[in-house]
Amino acid sequence: ASDHGGYELKAQLIPLLKEMGERPVDLGPDSAKVSVDYPDYASLVAREVSEGRVHLGVIVDGAGIGSAMVANKVPGVLAANCWNAAAARNAREHNHANVLTLGSGHLDLAGARDVLAAFLSTPVGEGRHARRNQKTLDVEAAHLRARQLARAFDEERG
């Protein structure tokens, strides 16, 4: 998915994904003619990943930063904004990223292709990487539990 600013790059990446043997699911938008808000589309991709309907997600906006911030609010999502192949490899191997965000204002098609190829071809790391990423997910789980307990307490108090 993308916002209107990332639409053109997203549209160019879909055929590349198919050439790489992937089966992309385009969650929108359908054009760049109407301004749309990146949080709406980033959350769509993040939910698809979080709920297991897709293994990895890609979001394109102007810088990639806002979409990463939104996607990382969804439980189980580890989104990384990558501007080069080295960062994409690191995001997958070291950080187990399952969502890639790209900035159309910082990458041309060749650069985006390199980042995307690196992200898709890099496996998640084991050992210390897996242990550290479990700690990241544990932090998320602890905060979710605390919120649920606070809501339950507030509901009891009326």
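The values are calculated or read from the model by the stated rules, or taken from the named source; none is laboratory data. What you see is a predicted model; the values in this text were computed from it and never measured. We place every Cβ from the backbone using ideal geometry, glycine too, and count neighbours over all the protein chains shown. Keep in mind that these areas ignore ligands, DNA and RNA; they rest on the heavy atoms of the full protein, side chains included. Shrake-Rupley method; radii C 1.70, N 1.55, O 1.52, S 1.80 Å.
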- [ ] Could you please let me know if residue 140 is open to solvent by 70 Å² or more (accessible area, probe 1.4 Å), on the phi < 0 side of the Ramachandran plot and among the charged types (D, E, K, R)?
- [x] no
Open item on the list: Need pairs with beta-carbon distance below 8 Å; first residue part of a helix (DSSP H, G or I) and within segment 140-158, second of a type in the set (Gly, Ala, Ser); sequence gap 6+ or separate chains.
Closed with: 140/76
Task: Residue among 93, 155 that is at pLDDT 95 or above, open to solvent by 60 Å² or more (accessible area, probe 1.4 Å) and of a type in the set (D, E, K, R) - done: 93
Task: Pair list, Cβ under 6 Å, 6 or more apart: segment 13-27 residue among the β-branched types (Val, Ile, Thr), other residue open to solvent by less than 70 Å² (accessible area, probe 1.4 Å) - done: 14/24
Open item on the list: For the condition under 15 Å from residue 41 (Cα atoms) and either charged (D, E, K, R) or touching an Asp or Glu at 6+ places or on another chain (Cβ under 6 Å) (or both), what is the one hit in 114, 138, 61?
Closed with: 61
- [ ] State whether one or more residues within segment 129-139 are in contact (Cβ under 8 Å) with a residue 60 or more places away in the chain and over 30 Å from residue 7 (Cβ atoms).
- [x] yes
- [ ] Could you tell me which residue of segment 97-128 is modelled with the highest pLDDT, considering only residues that are over 19 Å from the mean Cα position of the chain (by Cα) and assigned to a helix (DSSP H, G or I)?
- [x] 110
Open item on the list: Going through 76, 64 one at a time, which residue ends up being touching a strand residue (DSSP E or B) at 6+ places or on another chain (Cβ under 9 Å) and in contact (Cβ under 8 Å) with a residue 40 or more places away in the chain?
Closed with: 64
Task: Scope segment 98-116; condition of a type in the set (A, V, I, L, M) and either surrounded by 15 or more Cβ atoms within 10 Å (Cβ to Cβ) or free of Cβ contacts under 8 Å to residues at least 40 places away in the same chain (or both); matching residues - done: 99, 100, 102, 107, 110, 112, 115, 116
Task: Selection within segment 28-61 - of a type in the set (Gly, Ala, Ser), out of contact with any Phe, Trp or Tyr (no Cβ under 8 Å at 6 or more places or on another chain) and in contact (Cβ under 8 Å) with a residue 12 or more places away in the chain - done: 35, 42, 43, 46, 50, 57
